[in-house]
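Colleague: Handing you this structure, nothing more for now.
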Amino acid sequence: MGEYHAIVRWDRGGAVFTDNRYSRGHVWQFDGGVEVPASASPHVVPLPLSQANAVDPEEAFVAALSSCHMLWFLHLAAKRGFVVDSYVDEAVGVMARSPEGKLAMTQVTLRPVVKFAGERLPSREEIDALHYQAHAECFIASSVKTEVRCEAR
């Protein structure tokens with residue numbers, strides 16, 4: 001259905017490198033020219049070799065899952081005639097050992113809070129069905145083996 005591109009740029013910046021004390025800071029560039037500061041997680045590589053004010057791959061993984069779910073939820077709600085006023089998800093990813101013994105993002109829990117407007121408000125069952133279908137349609141969730149949960153609030 002299409003190709004998606006990202007450019008990841010890193011530069012040694014004069015560091016020795018072979019002493020393993022180089023910066024893990026780098027830049028992600030996306031279509032349209034958007035640039036995002038990125039780094040290894042400070043949980044993985046201690047400061048100052050990592051950058052706490054940058055996005056790390058683990059955070060991006062959680063955000064991609066949350067964003068994909070939200071976009072499908074909004075689409076499905078609009079198709080059913082429900083007006084969504086706001087959607088906030090404080091998603092959480094857990095890094096742990098996989099059954100194979102490797103460190104992996106083993107679980108992502110989505111915790112969306114959705115506010116609706118208008119005269120036709122969905123029931124709890126309809127909201128749950130929208131989240132269920134959004135999860136089933138989410139390209140990113142379908143692309144990973146991590147358990148992805150949705151605990152709508």
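Every number in this text was worked out from the coordinates using simple rules, so none of it is lab data. These figures come from a predicted structure and were not determined experimentally. For neighbour counting, all protein chains shown are included, and Cβ atoms are generated from backbone atoms with ideal geometry for every residue, glycine included.
Colleague: Based on a Kirkwood Rh over C-alpha pairs, give the Stokes-Einstein translational diffusion coefficient of the stretch 1-55 at 25 °C and viscosity 0.890 mPa s in µm²/s.
Modeller: 199 µm²/s
Colleague: Taking Cα centroids, how far is the stretch 88-113 from the stretch 9-45 in Å?
Modeller: First find each Cα centre; the distance between them is then 23 Å.
Colleague: Run through all the Cα pairs of the chain and give the fraction in each 5 Å bin from 0, expressed as whole percent.
Modeller: Once binned at 5 Å, the Cα pair distances of the chain give 2, 8, 15, 16, 16, 15, 12, 8, 5, 3, 1, 1, 0.
Colleague: How about the stretch 39-109: which GluC sites (Glu not before Pro) there lie in a loop by DSSP and see at most 12 other Cβ atoms within 10 Å?
Modeller: Passing sites in the stretch 39-109 are GLU90, GLU100.
Colleague: Sticking with this structure for a sec: Under a 10 Å cutoff between Cα atoms, tell me which one of ALA15, ALA117, ALA52 has the largest fluctuation in the Gaussian network model of the chain.
Modeller: Among ALA15, ALA117, ALA52, the largest mean-square fluctuation in the Gaussian network model of the chain belongs to ALA15.
Colleague: Now for a separate question. Mind checking the stretch 1-99 for trypsin sites (Lys or Arg not before Pro) that DSSP puts in a loop (not H, G, I, E or B) and that have at most 16 other Cβ atoms within 10 Å?
Modeller: Qualifying residues, ordered by number: ARG12, ARG21, ARG80.
Colleague: Could you work out, for the stretch 114-153, what percent of all Cα-Cα pairs fall into each 10 Å distance bin, beginning at 0 Å and stopping at the bin that holds the largest distance?
Modeller: Per 10 Å bin, starting at 0, the Cα pair percentages come out as 25, 47, 22, 6.
Colleague: Enumerate the lysines that LYS145 could reach by cross-link, defined here as Cα to Cα under 27 Å, with residues fewer than 8 away along the same chain left out.
Modeller: Those lysines meeting the cut-off are LYS102.
Colleague: If we count other beta carbons within 10 Å of each Cβ, what is the order of GLU119, GLU125, fewest first?
Modeller: With the sparsest Cβ surroundings first, the list reads GLU119, GLU125.
Colleague: Could I ask something else about it? Ignoring solvent entirely, what values of log10 I(q)/I(0) come out of the Debye formula for the stretch 81-153 at 0.27 Å⁻¹ when each Cα is a single scatterer?
Modeller: Result of the Debye calculation: -1.28.
Colleague: Lys and Arg at +1, Asp and Glu at -1: add these up for the other residues within a Cβ distance under 14 Å of ALA54 and post the number.
Modeller: -2
Colleague: So which lysines pass the test for LYS115, namely a Cα distance under 17 Å, with those fewer than 8 places away in the same chain ruled out?
Modeller: Reachable lysines: LYS79.
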